[in-house]
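A short worksheet on the structure shown next.
Read-outs: derived from the displayed coordinates by stated rules, not from any lab. Model, not experiment: these values are computed from the prediction. Every residue, glycine among them, receives a Cβ derived from its backbone with ideal geometry; neighbour counts consider all protein chains shown.
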């Protein structure tokens, strides 16, 4: 491919991206874009994209990630169940590809602990100026290239066969409502009762006034926190 | 105006956003955030979808997430500049300096390697923190609970042994 051809290829594939989304029926380009803005803003505003939050959780020094994650899942699981009952949404569960889930989960967990990001929080950290995450993204793009190139010969066989797309709602039959409530409430309670621990980054807080700093508030609310400088 | 959103408010807002995305008024699909990487890689490395079965499989999901992640980037930039005041250029995270080392080379090579692992892992499992944890477990899918359990354990074990947690105390 010459450089002209390459340029045309990139432009036409980018146009494809726009056209596919417009034609697919899962929201217009602008709606999907706005969902992204909100997703990025919520994560950035709570600071859960930070290395100190994600790697800090891996180190056992910060629990904001599991608290926020389990609360969101618990609330959504119950509300989504009723949203679907009313006919306003449907389930789209992912297949149980057992070896893919386990091997992939292990590789993903190792990567997440070291990178201190995941694929959704990475772009947010890049947007706020983290150079190391740009390098991580290049590694990720290289990973995407390798995965695509060797999908048929290596990765597809490694993922194993699918055991269906079963959910808790499917298997509990008549007791689905009860099962969803137990599941959702249990997750919300876990979120509330996980002890709150935080690892703050001084560089992240230095621009704030004293009364805006979360670590001064943490001093009154809970004991387990640490500021790294 | 508060400069940091508390975790519980963040959790509630995230739940509302997920419910909106799932609903027919929104996108009628779950939020995911790892398919876009091989999709972008396909564009950047000049891979024609005709030649790669994987690119054909992810053609639609990749495009949707590709657009969403543009938004994520913009949203993160706006709040970091105007609300949290955290926009600045940095290379080595502070906690990495305290609990690992001061070396830029070390951080950047580990970044490249772990970024690579993140995407290989997520694509093997068919999802990441967004697609499996947030969206998948909200649908009470067993696949996502298995992934979630494996990731939690691996994450905590890796964090325990990768960083020097004893020396710095």
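Going 7 Å from the Cα of residue B:166 in the Cα-to-Cβ direction, what parts of the range A:37-74 have a backbone nitrogen less than 19 Å from that spot?
A:59-61
Could you state the orientation-averaged shadow area of the convex hull built on the Cα atoms of the range A:3-68, in nm² to one decimal? Before the final figure, lay out each step's value.
On the way: hull surface 28.4 nm².
Mean shadow area of the hull around the Cα atoms is 7.1 nm².
Alpha carbon centre of the range A:166-197 versus the range B:82-111: separation in Å?
Using only Cα atoms, the two centres lie 37 Å from each other.
Determine the shielding of peptide B:99-111 by partner chains: average, over its residues, the number of Cβ atoms on other chains within 10 angstrom of each Cβ. Could you put the intermediate results ahead of the total?
Numbers: counts 7, 2, 0, 0, 0, 2, 0, 0, 6, 7, 2, 8, 15.
Other-chain Cβ atoms within 10 Å of each residue's Cβ, averaged: 4.
Classify the range B:48-110 as rounded, prolate or oblate, taking a ≥ b ≥ c as the square roots of the eigenvalues of its Cα gyration tensor: rounded when a/c is under 1.5, otherwise prolate if a/b is larger than b/c and oblate if not. Write out the running numbers ahead of the final one.
Values: a/c = 4.30, a/b = 1.56, b/c = 2.76.
Oblate shape, in that a/c is at least 1.5 and b/c is the bigger or equal ratio.
Per-residue mean of other chain beta-carbon atoms within 10 angstrom of the beta-carbon, peptide B:55-62?
Details: counts 3, 0, 3, 3, 4, 5, 3, 3.
Rounded to a whole number, the mean comes out at 3.
When every alpha-carbon pair in chain B is counted, what percent end up more than 21 Å apart? Please list the in-between numbers first.
Details: 8886 of 14196 pairs.
Value for chain B: 63 percent of Cα pairs lie more than 21 Å apart.
Two decimals is fine: what is log10 I(q)/I(0) at q = 0.13, 0.16, 0.17, 0.20 Å⁻¹ for the range A:77-229, from a Debye sum with one equal scatterer on every Cα and no solvent?
At q = 0.13, 0.16, 0.17, 0.20 Å⁻¹ the computed log10 ratios are -1.02, -1.18, -1.19, -1.22.
Cut-off 16 Å, label point 7 angstrom out along Cα-to-Cβ of residue B:57: give me the residues of the range A:101-122 whose amide nitrogen falls inside.
A:101-105
Equivalent-ellipsoid semi-axes (√(5λ), Cα gyration tensor) for the range A:1-156, whole Å, largest first? Provide the component values of the computation, followed by the final result.
Details: eigenvalues 154, 118, 76 Å².
The answer is 28, 24, 19 Å, longest axis first.
Who wins for biggest fluctuation among B:58, B:105, B:37 in a Gaussian network model of chain B, springs between alpha carbons below 10 Å?
B:105
Efficiency by 1/(1 + (r/R0)^6): what FRET value for residue A:2 and residue A:22, r their Cβ-Cβ distance, R0 = 30 Å, to the nearest 0.05? Present the calculation step by step, with values, prior to reporting the outcome.
Working: r = 30 Å, r/R0 = 1.00.
The formula returns an efficiency of 0.50 here.
Over the whole of A:179-186, what's the average partner chain Cβ count within 10 Å per residue? Rounded to a whole number, please. It would help to have the intermediate numbers written out before the result.
On the way: counts 1, 1, 0, 0, 4, 2, 0, 0.
Across A:179-186, the average partner-chain Cβ count within 10 Å equals 1.
Could you please state, rounded to a whole Å, how far the C-alpha centre of the range A:1-50 is from the C-alpha centre of the range A:91-149?
17 Å
Percent of Cα-Cα pairs more than 18 Å apart in the range B:89-169, please. Don't skip to the end; give the middle numbers.
Numbers: 1760 of 3240 pairs.
Value for the range B:89-169 (Cα pairs over 18 Å): 54 percent.
How many times 2.2 N^0.38 Å is the alpha carbon radius of gyration of the protein assembly as shown?
Here the answer is 0.94, to two decimals.
What ranking do B:100, A:67 get, fewest neighbouring Cβ atoms within 10 angstrom at the top?
Details: B:100 19, A:67 25.
With the fewest neighbours first, B:100, A:67 line up as B:100, A:67.
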